[in-house]
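The values are calculated or read from the model by the stated rules, or taken from the named source; none is laboratory data. Fair warning: this is a prediction, and the values are worked out from it, not measured in the lab. Counting neighbours? That spans all protein chains shown, and the Cβs are built from the backbone with ideal geometry, glycine included. With ligands, DNA and RNA removed, areas are computed over all heavy atoms of the protein, side chains included. Shrake-Rupley method; radii C 1.70, N 1.55, O 1.52, S 1.80 Å.
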Amino acid sequence: MPTLPASSWPEPPQGVSPAELTWAEVVAPGGATSKVLSRGTSLRLRDLHGQACAHLLLYNADQPWERLNVADTVKIPWQAYLGVGHPLLSDQGRVLASIVADDSGRHDALCGGGAPARARFVNVAAKHGLEPRDLPPSVSLFQGVRVQHDGSLAWLGSAGAGCAVTLRCELPLVVLLADVQHPVDPRPEPEVTALEVLAWRGRATQPEDALWTATPELQRAFENTTDYWEART
């Protein structure tokens, strides 16, 4: 269960006032959760004990048919492996969220979530009026995969306990999370551990931020995002 109110969470991130917290929760192994977050919110996921696997889906909260597109997320930044500065894009050429901090480096945008993650997503998606047909491939955080020279996928596992990834919401988002075993994890029995989820108010990426102009493709994606947002507000 989430901590309510979130401001009562005992250990907010450094530099974050408890009053700014909007989501504080620990997801049990095998569990799932969801939340609607406002534009500019920072979302930090932390692998508490070293074996979490955070499967993540994002939707534009104002028009949920716009959702995470893993193909564009890999294609636009010319990078298959997620890390700091990587945008999570929709198929409308807009940035749903950006990775602004990461001390794990063990992530996956290639394999999707597999049947266990999808089963959890079906349940939490229904709370937001989303059906099974609305579930695209997800990205996975904290359990890394690398493509080998022969095209096979090698599972890297975790970078260790305490690693965290922070995302910045570039639009109002519906966030779905499932903490279940990665589909290419070779261990016969799931060894998943708890996932900490914290979110706090902030601002979206601005034109003066270095990330905005990191590449021409990324600048265009941020411009598309801002154009859409300003037209709606």
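So which residue, out of V16, V36, V95, gets the largest mean-square fluctuation from a GNM of the chain using Cα contacts under 10 Å as springs? Of V16, V36, V95, the most mobile in the Gaussian network model is V16.
Proximity of backbone amide H atoms, modeled 1.01 Å from N, is registered between W23 and A199 at under 5 Å, excluding neighbours fewer than 5 places apart on the same chain.
Note on the chain: helix-only mean residue ellipticity at 222 nm, from DSSP H runs of 4+ residues weighted -39500 (n - 2.57) and normalised by residue number, equals -5000 deg cm²/dmol. Among D179, D103, D150, the largest mean-square fluctuation in a Gaussian network model of the chain, built with springs joining Cα atoms closer than 10 Å, belongs to D150.
Inter-part distance, the stretch 37-63 to the stretch 129-162, computed on C-alpha centroids, equals 14 Å.
Of R146, R44, R67, the residue with the greatest mean-square motion in the GNM of the chain, using alpha carbon springs below 10 Å, is R146.
Counting Lys and Arg as +1 and Asp and Glu as -1 over every other residue whose Cβ lies under 11 Å from the Cβ of R146, the net charge comes to 0.
The value of relative contact order for the chain, using C-alpha pairs under 8 Å at least six residues apart, is 35 percent.
By the gyration tensor of its Cα atoms, with a ≥ b ≥ c the square roots of the eigenvalues, what is the shape of the chain: rounded for a/c under 1.5, prolate for a/b over b/c, or oblate? It comes out rounded by the Cα gyration axes.
Per-atom-type breakdown for the stretch 76-206 gives carbon and sulfur 52% of the accessible area (1.4 Å probe, protein chains only).
With a Förster radius of 30 Å applied to the beta-carbon distance between W65 and A119, the computed FRET efficiency rounds to 0.85.
Summing Cβ point charges (Lys, Arg +1; Asp, Glu -1) relative to the Cα centre of the stretch 6-93 gives a dipole of roughly 80 debye.
Close amide H contacts of A194 (hydrogens built in the peptide plane, cut-off under 5 Å, sequence separation of 5 or more or a different chain): H49. Dipole magnitude for the chain: about 260 debye, using +1 per Lys or Arg Cβ and -1 per Asp or Glu Cβ, origin at the Cα centre.
The simple Förster model, with R0 at 35 Å and r as the Cβ-Cβ distance, assigns E230 and H49 a FRET efficiency of 0.25. For A178, neighbours were defined as the other residues whose beta-carbon sits under 10 Å from its Cβ, and their charges (Lys and Arg +1, Asp and Glu -1) total +1.
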